[in-house]
Amino acid sequence: MSLEIIELSGLATIQDSGRTGWRRFGVPSSGPMDAFAFHAANKLAGNASSCAAIEIGLGDITLRAKRDCVVAVAGVGYGLSIYVWDFPLWSSYYVRAGWTIRLNKLDSGMWVYLAIAGGVQTQPVLDSVSTNLRGRFGGLDGRQLQAGDLLKSGTPSHSLNELAARTLPESARPIYSDNPVVDFIMGPQEKYFTDESIATFMSQEYSVSTTSDRMGYRLEGAALKHRSKAELISEGMTMGAIQVPSNGQPIVMMADSPTTGGYPKIGTVASADLPLLVQCVPNKSKIRFRETTVANAQKKYRELMSGLDRIVEE
Amino acid sequence: MKPRIVSLGDSAVLVQLGDDIDLTVNQCVHTLANLIKTSAINGIIETVPAYATLLVHYDLFTLSFTQINRILREKLAQIRESESRKPRLVEVPVMYGGELGPDLETVASHLGLRIEDVIRIHSEKIYTVYMMGFTPGYPYMGKLDDALVMPRLETPRTRVPAGTVAIAGSQTGIYSIESPGGWNLIGWTPLKLFDPNSDSPFLFAPGDEVKFVEDES
């Protein structure tokens, strides 16, 4: 079973749940920007959480099914049509051989995930098929997908009829918004910032710069002031870490961000709220940050991910 | 300083063993990383050694902050200088100067040294891979002799070829893939630092020792 890409104007890459075990060598985790939507698409398609799916952002994609298959689509900011019908996201669909699947970009939201029952099959590199664009490995020859690419899928976990027409109810999903309040955990370098700057960060609105990408989201808003130096000796960092360089404009590390960095980190976005942040649209969304504790953030993420068990048959 | 364990978000903790670039502190970081690796603790995903810190990524479905904190306290107590590792020594042939080391002359004149002195001082010492980062396979090595301490370039280059040997501050590094770069480029090695499809994808590992050897061919 396979999908052929007919048209593509966006950034489409193959991603699995991410590359682990190689960060000490400087290899970013990659993987999905919106982990919740990625896992939802996989689960709707009956796939293991380690299966690969297609991540699409910034533009449209049209694919054609070469054989009958089941696809599931989850994410924000896209309209879905299959053959001649429009369908909602967060559901799985039976697609007949020859039918087209079209995802067109809407105004709100950024990233959408298309999973195929059986998962996208390609050669793992460093134990993962996630695409690392900068290092040019993983995915399909280490590059973004393009028209003409043929994506093979594995064996579905159940019959196609059993896997089709499943949906994840809205109540089980994150509350995506153009004006999200995003929880973060303070530190480790909060002492590098003036008290006023900490207060500013938690009270002012920030927007996402158009120069943002899968490596990092640059925020624009009230500048944060460092007490003295704006550099530290490099140390490990993770997706969601909020670095603040000397210009005072925070940068949130994303899936392809380097494994280490040398700017002070005012905090790190809670895992449960990363999906809200990554789906923010440059020059449109207004973000507010709210402090939380590690324990509360962990609880929130466990609760969010347990929502994936609430898939219903239509 | 006394080791500190602080949170970096809800699924990583940073173990701070010092706050500057110091070989003894860095050795402790690698020892701690090895202790954690050999213990194969359920819920610890991976660690990232840096100059004076070890970042520990953990699974929040398996471990709470209290639990990871307790585990790391136990491991910290097991670090003993007597148990210091026997690092691997990697020899790196370098062609200094020329097209692939375009800053060698500027470096020499800035430091008031002859070109051959820069080469001699750079290749004399055995360095330690303090950490890896920036790009896959990029080694941050130190410390350079004080005579070779250079500021970073004012305007970073947009494209530096893989294998380019560079210096900045008290550190030396080798570009592992073609990437932008702001360090002073003094030479080039034919060795491949990163080959994702190889059985051993990385030339270096954190904690390795490195000796540059001038290749005059």
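No lab work stands behind these numbers, since they all come straight from the coordinates. Computed from a predicted model, the values in this text were never measured in an experiment. Glycine also receives a Cβ, built like all others from the backbone with ideal geometry; neighbour counts cover every protein chain displayed.
Simple rule: put +1 on each Lys or Arg Cβ and -1 on each Asp or Glu Cβ in chain B, find the dipole, and look at B:Ser11, B:Asn34, B:Ser198; the Cα lying farthest toward the positive end is B:Ser11. Loop-located GluC sites (Glu not before Pro) in segment A:202-305 (DSSP state not H, G, I, E or B) with no more than 14 neighbouring Cβ atoms inside 10 Å: A:Glu205, A:Glu231.
3J(HN,Hα) along segment B:6-14, derived from phi through the Karplus expression 6.51 cos²θ - 1.76 cosθ + 1.60 where θ = phi - 60°, amounts to 10, 7, 10, x, 9, 9, 8, 10, 10 Hz, with x in place of Gly and Pro. Computed on segment B:25-109, with alpha-carbon pairs under 8 angstrom and 6+ residues apart, the relative contact order is 25 percent.
Would you please name the GluC sites (Glu not before Pro) within segment B:18-106 that are DSSP coil residues with at most 13 other C-beta atoms within 10 Å of their C-beta? Here the GluC sites (Glu not before Pro) that fit, given the DSSP loop and packing criteria, are B:Glu99.
Couplings 3J(HN,Hα) for segment A:265-277, derived from phi with the Karplus relation 6.51 cos²θ - 1.76 cosθ + 1.60 (θ = phi - 60°), are 9, 6, x, 9, 5, 4, 3, 5, 9, 4, x, 5, 6 Hz, where x marks Gly and Pro.
Rounded to the nearest 20 Debye, what is the dipole magnitude of the protein assembly as shown about its Cα centre when Lys and Arg each give +1 and Asp and Glu each give -1 at the C-beta? The calculated dipole for the protein assembly as shown is roughly 900 debye. Each listed q (0.10, 0.11 Å⁻¹) maps to a log10 I(q)/I(0) for segment B:27-124 from the Debye sum over equal C-alpha point scatterers, namely -0.51, -0.57.
Can you give me the relative contact order of segment B:1-147 as a percent, contacts being Cα pairs under 8 Å and 6 or more apart?
Working: 168 pairs, mean separation 26.9, N = 147.
Worked out over segment B:1-147, it gives 18 percent.
Of all DSSP beta bridges confined to chain B, the antiparallel ones make up roughly 85%. Its alpha carbons considered, the protein assembly as shown gives a radius of gyration followed by a Dmax of 24.1, 78 Å.
An ellipsoid equivalent to chain B, defined through the eigenvalues of its Cα gyration tensor, has semi-axes of 35, 18, 16 Å when rounded to whole angstrom and sorted largest first. Net charge of the neighbourhood of A:Val269, taken over other residues with C-beta under 10 Å away and scored Lys/Arg +1, Asp/Glu -1, is -3.
Using only the alpha carbons of segment A:181-307, what is the convex hull's orientation-averaged projected area in square nanometres? If you can, show how the numbers build up before the last one.
Numbers: hull surface 29.2 nm².
Averaged projected area of segment A:181-307's Cα convex hull equals 7.3 nm².
The base-10 log of I(q)/I(0) for segment A:225-284, evaluated at q = 0.16, 0.30 Å⁻¹, reads -0.53, -1.29 [Debye formula, identical scatterers on Cα atoms, solvent excluded].
For A:Gly119, the residues whose amide H sits under 5 Å from its own are A:Gly154, ignoring neighbours fewer than 5 places away on the same chain, with H placed 1.01 Å from N.
Segment A:281-314 and segment A:9-60 have Cα centres lying 17 Å from one another.
Summing +1 for each Lys or Arg and -1 for each Asp or Glu among the other residues whose beta-carbon sits under 11 angstrom from that of B:Arg114 gives -2. Taking N as the residue count of segment B:89-214, its C-alpha radius of gyration divided by 2.2 N^0.38 Å amounts to 0.97. Taken about its Cα centre, segment A:1-132 carries a charge dipole of roughly 260 debye when the Cβ of each Lys and Arg holds +1 and the Cβ of each Asp and Glu holds -1. Projecting the Cα atoms of B:Gly169, B:Thr128, B:Leu76 onto the charge dipole of chain B, computed from C-beta unit charges around the Cα centre, puts B:Leu76 farthest toward the positive end. The long axis of helix A:294-306 is offset from the longest Cα principal axis of chain A by roughly 10 degrees. Of all beta bridges that DSSP places with both ends in segment A:181-307, some 80 percent have antiparallel geometry.
Can you give the helix-only mean residue ellipticity at 222 nm for chain A, where every DSSP H stretch with n ≥ 4 adds -39500 (n - 2.57) and the sum goes over all residues, rounded to the nearest 500 deg cm²/dmol?
Values: 5 runs with 41 residues, N = 314.
Here the helix-only value at 222 nm equals -3500 deg cm²/dmol.
Taking Lys and Arg as +1 and Asp and Glu as -1, the other residues whose beta-carbon sits under 11 Å from that of A:Asn132 total +4. Every helix of 4 or more DSSP H residues in chain B counts as -39500 (n - 2.57), and over all residues that averages to -7000 deg cm²/dmol at 222 nm. Seen from every direction in turn and averaged, the convex hull around the alpha carbons of segment A:130-220 projects onto 11.1 nm². Note on chain A: with charges restricted to the Cβ of Lys and Arg (+1) and Asp and Glu (-1), its dipole about the Cα centre is near 480 debye.
Quick one: in chain A, what % of C-alpha pairs are over 35 Å apart? Don't skip to the answer; put the middle values down first.
Details: 9473 of 49141 pairs.
Within chain A, distances greater than 35 Å cover 19 percent of Cα pairs.
Binning the alpha carbon pair distances of segment A:2-168 at 5 angstrom intervals from zero yields the distribution 2, 10, 20, 24, 22, 13, 6, 2, 1, 0, expressed in whole percent.
Considering Cα pairs under 8 angstrom that are at least six residues apart, work out the relative contact order of segment A:2-168 and quote it in whole percent. It comes to 32 percent, rounded to a whole number.
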